[in-house]
Every structure is written in structure tokens, then in C-alpha cells.
Amino acid sequence: MDPVPEREAHFNVQLSTGARLQASVVADSTIRGCSTGGLSLSVERDPALLSRLARVRTLQHGLMGEPVGGAAAAIRAPLGTDSGLKTRLLELLSEAAGPIISGRTFTPLAEVGLTDADIDFLLRKCGARRSRFRSDSGDHVGTTVALSAVDALRRAGVRHDRATASIEGFGKVGSNVALELHERGLKVVAVSTREGALFDADGLDIPELVPLAERVGDGFVRKYSEADRLPSAELRVLSVDLFCPCALPWGIDAQTASRLRCKVVAPGATAPLRPGGERMLEGRGVVYVSDVVSTCGGVLGLRLARAGYSPREQTASIERYFTSLLECLEGLAEREAMRLREFVELYSQERFERMKQHAETVQGDRDASSLVEWAYGNRLLPAKLARRLAGRAIELDMSFDELDSMRAVEWARLGQPG
């Protein structure tokens with residue numbers, strides 16, 4: 001069971017015009033009173049789901065050495081919310097939650113239904129400073145999902161260059177997962193959106209599908225004529241080696257998990273499984289890749305961007321660091337005789353607590369790494385020098401060893417929270 005969130009805020013505002021804001025912010029953790037995480041437009045704003053999303057963010061920050069707490073937020077809105085209503089909802093949120101956002105108790109990042117431009121608008125309305133850094137989180141999550149999937153297929157005894165894959169959700173993350181899998185030699189045989197699914201046993205033409213989806217949105221499944229069209233739900237019962245849920249969180253319950261016909265599940269969505277789903281998969285012998293690991297590319301990419309890395313350098317560094325991370329985590333989990341997912345969460349939490357303690361006790365307002373990022377962000381350092389100075393700290397944070405493992409196990413044995 002996840003720990004109780006550190007902070008929660010819920011807003012329910014009714015205007016005379018009939019417009020209503022229903023929104024929630026959940027901070028699983030903070031460092032120096034600050035947290036960050038995704039803000040989504042959602043048909044529901046289940047506090048339990050937001051708590052899990054915020055929890056995953058905390059664990060990813062611990063794993064990636066990002067010294068800020070983890071949070072999540074949602075604005076209740078219908079599917080297909082038009083731009084006018086979205087703008088009004090963001091204005092209402094700025095009025096209701098302005099102090100939380102401007103004070104950095106919660107710094108939002110664009111998730112489902114929102115863009116970076118929407119977040120910039122919200123921050124401006126709150127009087128908060130907008131970051132000049134941009135990292136293509138969809139690309140980076142696609143990279144870490146694909147690398148996780150290839151590794152999990154190996155553990156399941158399947159050669160990735162002979163594997164078949166299906167992808168649920170073909171937005172920014174799902175389409176990038178498809179491209180990454182395609183480039184690594186996997187055969188993507190099916191993809192879906194809320195408007196339907198496409199299937200081709202010989203493999204879909206992913207390089208053709210992605211730009212089509214970018215042009216016409218979810219309706220590309222009705223315009224593409226080189227594959228069989230299926231109802232969206234049928235994608236889940238196709239027999240494939242790899243299934244990648246990249247749509248909404250909590251989309252797979254125990255009953256749905258019992259019907260999946262795959263050897264590996266590697267999610268591109270955070271918290272894709274409802275309670276009971278993972279136990280069902282495990283009981284059926286399906287390898288489930290922890291979303292803490294598979295979707296962490298966005299966190300690492302943003303940290304690299306703040307340290308002066310170019311988009312191409314971010315991608316190359318993520319490939320290098322993440323491959324090493326997978327090898328180390330598997331080796332350490334095996335040494336501790338623990339299931340990989342359980343070890344990852346324990347290991348990440350202990351690293352987060354150690355990072356929090358250091359950040360909140362270090363002399364002055366900032367440690368050296370944060371100072372470099374601050375100076376680069378304020379254009380006081382050129383990118384090349386920032387990358388050189390901050391790169392060493394990132395290298396150290398991405399070094400995973402037996403000492404870290406022993407600390408985590410001892411930390412848990414002593415009954416620390418988390």
C-alpha cells in the first residue's frame with residue numbers, strides 16, 4: 001500500500017455563468033516544500049489514482065536524482081474539451097490554486113489533454129516563473145519503454161527481433177513507442193485509439209502511420225486502408241509477445257488482465273493497472289515492467305535539458321544511462337533475492353529520502369549541481385560549460401551500486417516509512 005500523501009488540495013468552484021471547476025492536487029512528497037508532476041484533463045479525478053500517480057513521480061525522482069517532490073493533479077473535464085472551455089478551466093485553476101503554484105508547492109507539467117503552451121498560460125496567470133527548458137517527454141518515454149520492453153522480452157525468453165507488439169493509445173507517447181520498437185526490429189502488428197484499432201499480422205507501416213496520426217488525430221484509424229480495422233477493445237485480446245498500454249492510467253483491471261494474450265506488458269502510461277491487475281498478470285506468468293522504470297525517460301530528459309544538453313544529447317545520454325540502469329537493477333534485485341518491481345520501489349524510495357535529507361540540510365540554498373542549473377537557466381552560463389559542470393553530478397546519480405542496494409535493504413529492515 002502506498003503511503004499517505006504529504007499534501008492534498010481539492011477545488012470545487014461554481015460560477016454564475018454555469019462554469020464549474022473541479023480539480024485536485026496531490027503531493028506525495030516535497031523537498032524544501034516543492035513538488036512537481038503532471039496536470040491532466042480527466043473525466044474523473046479519483047484521489048486514489050492521483051495518489052498513485054504522485055507516488056510514481058516521487059519514486060522516479062529518487063531513481064533519477066531529481067531533487068524535488070512528486071505530485072499529480074487533474075481538472076475534471078469531458079473528453080474532447082474545446083480550447084475555449086480549457087482556457088476557462090485553467091483561468092479558474094489559477095484563481096483557486098494560484099498560491100500553491102506560484103509558491104512552487106506544486107509546479108505543473110503537461111499531461112493528458114494539455115500542452116506546454118497550456119502550462120505556460122497557467123503559470124503566467126498565476127504569476128509564476130516559466131521555465132525556458134523544454135524536453136520532449138513523449139520521445140524520451142518512448143525510448144525508455146522500448147528499452148524496457150526489449151529487456152523484458154529477453155527475460156521472458158523472446159528474441160526482440162522476432163517479437164510482435166500491440167500498442168494501446170497512439171498519442172505522443174504511444175506513437176513514439178511504436179517508432180522506437182520499429183527501429184529496434186520489433187513487428188508492431190496493432191495500434192488503437194478511442195476511435196478504433198488497426199491490425200496487420202505482417203506488421204503495420206509505422207513510419208507512414210505516425211505522420212498520418214499527427215495530421216488527423218485519433219481518426220487516422222479510419223483513414224488508413226492498408227490494415228484491418230477492429231474495435232478498440234479487440235486489441236487487448238490479440239495474441240502478441242508484447243503489449244504496451246499507452247493510453248489512460250488505471251485502464252486495466254484484474255478482469256482485463258486475465259484476458260490479455262501476451263508474454264510481456266511494458267507500459268507507456270503511468271499507473272496503467274488498477275489494484276489487482278498486476279497480481280493477475282503475475283499469476284498468469286506475464287512479465288510486467290514497472291511503470292516507475294518504463295516511463296522515467298521524461299524525468300531524466302528534463303533534468304538533462306536543465307543541464308544544457310541538446311535534444312540529440314539528451315536522447316543519446318538516456319539510451320546510455322538507461323541501459324546501464326536496467327542491468328544494475330536486475331543484478332541488485334537478484335542479489336537481494338527480491339522481485340524486480342518491489343526492489344525498484346524500495347531502492348528508489350531510499351534514494352529519494354537520502355536526496356531529500358541532503359537537499360534540506362546542505363549549507364546555503366543550493367548544492368553545486370542545483371547552482372549550475374540555476375545559473376544556466378538564468379543565462380549566466382553557456383550550455384557547454386553547464387553541461388560540463390553538471391554532467392559529473394548526473395554521472396554520479398546514474399551510478400547504481402551494491403552500496404545503494406545495501407542501504408535500501410537496511411533502510412527497509414529498520415522500518416522506515418515509504
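Just a few scattered comments:
- Here Ala257 passes the criteria (1) buried (at least 20 other Cβ atoms within 10 Å of the Cβ); (2) assigned to a loop (DSSP other than H, G, I, E, B); (3) not β-branched (Val, Ile, Thr) except the one numbered (2).
- Of all residues in segment 289-316 being of a type outside the set (A, V, I, L, M) and free of Cβ contacts under 8 Å to residues at least 60 places away in the same chain, the one that is nearest to Leu248 (Cα to Cα): Ser290
- Flag if Ala307 is at pLDDT 95 or above, more than 13 Å from Ser192 (Cβ to Cβ), of a type in the set (Gly, Ala, Ser) and under 22 Å from the mean Cα position of the chain (by Cα): no
- Hits in segment 138-174 (condition: among the polar types (S, T, N, Q) and over 19 Å from Gln314 (Cα atoms)): Thr164, Ser166
- Evaluating Phe243 against the criteria (1) modelled with pLDDT of 95 or more; (2) in a loop (DSSP other than H, G, I, E, B) leaves one unmet condition, (2).
- Within segment 203-218, residues that are in the same structural domain as Gly171 (by TED's automatic domain parsing) sit with their Cβ atoms under 9 Å from residues that are among the charged types (D, E, K, R) and not in a helix (DSSP H, G or I), at 6+ positions apart or across chains, in these pairs: Gly203/Lys187; Leu204/Lys187; Leu204/Glu226; Asp205/Glu226; Glu208/Glu226; Gly217/Glu195; Asp218/Arg194; Asp218/Glu195.
- Here the condition is being at pLDDT 90 or above, within 15 Å of Ala23 (Cα to Cα) and in a helix (DSSP H, G or I); of Leu92, Leu153, Leu147, it holds for Leu92 alone.
- Exactly one residue out of Pro267, Pro245, Pro249, Pro272 is at negative phi, out of contact with any helix residue (DSSP H, G or I) (no Cβ under 7 Å at 6 or more places or on another chain), touching a residue at least 12 places away in the same chain (Cβ under 8 Å) and not hydrophobic (A, V, I, L, M, F, W, C), and it is Pro245.
- Checked against (1) modelled with pLDDT of 90 or more; (2) assigned to a helix (DSSP H, G or I); (3) of a type outside the set (Phe, Trp, Tyr); (4) more than 30 Å from Ala307 (Cβ to Cβ), Leu85 passes all but a single condition, namely (1).
- Condition check for Ala128: buried (at least 16 other Cβ atoms within 10 Å of the Cβ), part of a helix (DSSP H, G or I) and of a type outside the set (Lys, Arg): no
- Condition check for Thr105: within 27 Å of Gly377 (Cα to Cα), of a type in the set (Ser, Thr, Tyr) and touching a Pro at 6+ places or on another chain (Cβ under 9 Å): yes
- Residue match in segment 157-168 (condition: part of a helix (DSSP H, G or I), of a type in the set (Ser, Thr, Tyr) and buried (at least 20 other Cβ atoms within 10 Å of the Cβ)): no
- Look at (1) exposed (fewer than 15 other Cβ atoms within 10 Å of the Cβ); (2) among the acidic types (Asp, Glu); (3) under 18 Å from the mean Cα position of the chain (by Cα) and you find that Asp139 fails only one, number (1).
- Candidate set: segment 18-31, residues that are in contact (Cβ under 8 Å) with a residue 60 or more places away in the chain and closer than 9 Å to Gly69 by Cβ; chosen: the one farthest from the chain's Cα centre (by Cα): Ile31
The values are calculated or read from the model by the stated rules, or taken from the named source; none is laboratory data. Here the structure is a predicted model, which means the values were calculated and not measured. Heads up, the Cβs are rebuilt from the backbone with ideal geometry, glycines too, and the neighbour counts pull from every protein chain shown.
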